[in-house]
Amino acid sequence: MTPRFYRESEVSQVLDMSTAVEVVDECLRQLAIGGAENVPRHRSRTPGFVLHSMSATAGYLNVAGWKQYATTASGARFHVGLYDCESGRMKALIEADRLGQMRTGAVTGVAARYLAPGEITQLGLFGTGWQAESQLEAIQAVHPLSRAFVYSRDESRRQSFAARMSEELQIEIIPVHDPREAVEDLPLVITATASKTPVFDGTLLAEGALVCAMGSNWLQKAELDVNAVRLADNIVCDSIEACKLEAGDFVAASEKGYFDWDKPVELGAVLANLAVGRNNKDSVVIFKSVGLAIEDVALAEKFYQRAVTNPGLGVSLPL
């Protein structure tokens, strides 16, 4: 087995969001029933540089892998390494920025498939960056989405994001000037920002609303305020273990006595019918994701299985 190296552009050629949603759906279910194991992210730092490392085994696919990425003031570089469990040999090394964007969106899609109060035709979105794009893609893949209200602090970014994504997805995207316009009376609110502080007032959430908080994976950052966490009837995590290490959204509420770690359940357990993710249609539900390596590994394997049939994709590595 000669490993192959694949670039970002090749990932985009091979994978689509509908496929990513199905892959992530199954990998989270397998995580709950013992078919996979996930190791949370760890970080190693030196001035001006952070190395982020995470890994997983997907026994149900007979593969394992890691995701490593480096962040500096100039940006981030992402790679996934994929291994065959039987031989222990590397199968592929993949540039993984687009892969990560797709799996992050796909997790929201899976959450919205199982935790939403009903069909989603409109939503509120906080954030206008790279990750915000795939959030809309994923919801459109699982619900008949027709309208989104988008807020970010930068008006020009709001306007350009709305115009670009409206054309790409063929839905109405409305840039709003007040955060409450992306929350009030909406069945789904998604946060996909780099904010260190809460981006909306949780008391504005509609009855039955689902909140998908995706942007923060540091304990020092929180997109959700204490009110949102306090009012939530159900809290669902991609991984409770990982969220304990990285979900800053729960820190302030915990300090005030409105949250403890006996409350959340995992999304995979909901998919496997081992836990309840929504009590009823009027429940306010928070889904918190910090991002898991098992999602990257499972999606990398799907990519590899498709890409390896096309000899024009990738190059061989001397390993």
(message) I'd like to verify a number: residues in the stretch 125-135 that are in contact (Cβ under 8 Å) with a residue 40 or more places away in the chain, part of a helix (DSSP H, G or I) and open to solvent by less than 40 Å² (accessible area, probe 1.4 Å), how many?
(response) 3
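The rows are residues; the columns are (1) over 30 Å from Asn273 (Cα atoms); (2) surrounded by fewer than 15 Cβ atoms within 10 Å (Cβ to Cβ); (3) not hydroxyl-bearing (Ser, Thr, Tyr).
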{"position": "Asp16", "(1), (2), (3)": "no, yes, yes"}
{"position": "Val24", "(1), (2), (3)": "no, no, yes"}
{"position": "Gly59", "(1), (2), (3)": "no, yes, yes"}
{"position": "Gln68", "(1), (2), (3)": "yes, no, yes"}
{"position": "Thr72", "(1), (2), (3)": "yes, yes, no"}
{"position": "Phe78", "(1), (2), (3)": "yes, no, yes"}
{"position": "Leu82", "(1), (2), (3)": "no, no, yes"}
(message) If I ask for residues that are over 24 Å from Asp201 (Cα atoms) and either in contact with a His (Cβ under 6 Å, 6 or more places away or on another chain) or not acidic (Asp, Glu) (or both), which ones from the stretch 146-167 would you list?
(response) Ser146, Ser160, Ala163, Arg164, Met165, Ser166
(request) Scan the stretch 136-152 and report the pairs whose first residue is among the basic types (Lys, Arg) and whose second residue is surrounded by fewer than 22 Cβ atoms within 10 Å (Cβ to Cβ), with Cβ atoms within less than 6 Å and a gap of 6+ or a chain change. (result) Arg147/Gln122; Arg147/Glu172
(request) Would you list the strands (runs of 3 or more DSSP E) that sit entirely within the stretch 1-117 and hold 3 or more residues that are in contact with a strand residue (DSSP E or B) (Cβ under 8 Å, 6 or more places away or on another chain) and farther than 21 Å from Leu313 by Cβ? (result) 37-46, 49-58, 63-72
(message) If I ask for residues that are of a type in the set (A, V, I, L, M) and farther than 27 Å from Gly118 by Cα, which ones from the stretch 278-298 would you list?
(response) Ala293, Ile294, Val297, Ala298
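The values are calculated or read from the model by the stated rules, or taken from the named source; none is laboratory data. Note that the coordinates shown come from a computational prediction; the quantities given were computed from them, not determined experimentally. Glycine gets a Cβ as well: all are built from the backbone with ideal geometry, and neighbour counts include every protein chain shown. Just so you know, the surface numbers come from the protein's heavy atoms only, side chains and all, with ligands and any DNA or RNA stripped out. Shrake-Rupley method; radii C 1.70, N 1.55, O 1.52, S 1.80 Å.
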